[in-house]
Each structure stands twice: as C-alpha cells, then as structure tokens.
Amino acid sequence: MTAPILILTEVALGPAERAAVSDLVEGDTPLEVLVPVGRKRRLLVDFLDHLSLLEFGKAFEGLSGHTDPAAERGVAQTALEGSLAALEGLGADVTGTLIEGDPVVGLADRASASGAGQAIVVTLPHAIEDTFHTDWANQAQRRIGIPVLHLYAGTGFIGDS
C-alpha cells in the first residue's frame, strides 16, 4: 500500500478537485479528507479579501465576528460529506475527519501520524494570504516537509505554495 494523500479543504470538494486528485492517485493510495470546524478569522484580512474579489456584501457581513459553533460544525460536516461523495471510488480507501483548532497544525499532526506522502490544500481564493504566502498551503509546505499542492476550489487552478 502506498502512503496516504491528505486533503485539507475549507469547502466541499467537487468535480474539478476529483479530477486533480485522480491524477495523483495510484490504485491503492488511501485518501483522507480533513475539514476544519470553523476557521480562525482575521477580520481585517477577511474584509480585504472580500473587497479585492468585489464581494462587498460579504466584506461588511463578516465584520460582525460573531459565530455560532453549532452552525460551524454543521457547515464542516456538510463539506466533509460532500467531499467524501466527490472522491468516492478513488484510491484504496477514502476517509474523512473534522478537525478542531488550527487547520495547518491538524494537517501536520495527521501527516506525521499517518506517514502521508503528500498533501493537497483546497481553498477559496484569499487575495491577501495568497499574495503574502500566508495561506494554508504555504504554511503547510513550511511545516510538514512533504509536497503540498494548493488547489483553488471549483477551478482546478493550482496555486503556488
């Protein structure tokens, strides 16, 4: 059996991500999807991200900073279930876990525990983090010491981590 591929995602995976993952998977490669519950928010960075993408409503909506833990868990569970369905039939086995706390720390912990050979980080575009290389993929690349592929959700576009 080959080393597992870990997939950290903030949204449900879809057809574009399945196509990208299928190019990396050998027949007996296990896949493990990690979905963080909530996301540590940096209000100013999120505000600027939304403005840079011309998402004015979302920019001002996010300034409240209020979150509902039950709602966050529900969103994460839905993303996990959708991701598992999208990857069904790839690799030897497709499993998934919700992770609490810092997503990059959770990915690093799973990478060391599982002996993963590579990781894929799937995010929405985040202009500020991507520009200054503080996004999850870049953090993971510096932290875990295995190849990290950064995909932008729904696009099939590969970022530079």
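Here's a check for you: in segment 126-161, which residue that is open to solvent by 60 Å² or more (accessible area, probe 1.4 Å), in a loop (DSSP other than H, G, I, E, B) and closer than 21 Å to residue 86 by Cα is modelled with the highest pLDDT?
Among those that are open to solvent by 60 Å² or more (accessible area, probe 1.4 Å), in a loop (DSSP other than H, G, I, E, B) and closer than 21 Å to residue 86 by Cα, it is 154.
So, of the residues in segment 109-125 that are of a type in the set (A, V, I, L, M) and modelled with pLDDT of 90 or more, which turns out to be farthest from residue 4 (Cα to Cα)?
The qualifying residue farthest from residue 4 (Cα to Cα) is 122.
Among the residues of segment 1-36, write down those that are more than 17 Å from the chain's Cα centre (by Cα) and open to solvent by less than 10 Å² (accessible area, probe 1.4 Å).
Once the filter is applied, which keeps residues that are more than 17 Å from the chain's Cα centre (by Cα) and open to solvent by less than 10 Å² (accessible area, probe 1.4 Å), segment 1-36 yields only 29.
Which pairs have Cβ atoms under 6 Å, sit 6 or more apart or on different chains, and link a residue in segment 88-116 that is at negative phi to one that is surrounded by fewer than 13 Cβ atoms within 10 Å (Cβ to Cβ) and part of a helix (DSSP H, G or I)?
The qualifying pairs are 90/22.
Here are some residues: 56, 47. Which one is at pLDDT below 90, surrounded by 12 or more Cβ atoms within 10 Å (Cβ to Cβ) and either of a type in the set (Phe, Trp, Tyr) or within 21 Å of residue 106 (Cβ to Cβ) (or both)?
The match here is 47.
The values are calculated or read from the model by the stated rules, or taken from the named source; none is laboratory data. Keep in mind that what you see is a predicted model, and the values were worked out from it rather than measured. So basically every Cβ, Gly included, is an ideal-geometry build from the backbone, and we count neighbours across all protein chains shown. Quick note on the areas: whole protein, heavy atoms, side chains included, nothing else; ligands and nucleic acids left out. Shrake-Rupley method; radii C 1.70, N 1.55, O 1.52, S 1.80 Å.
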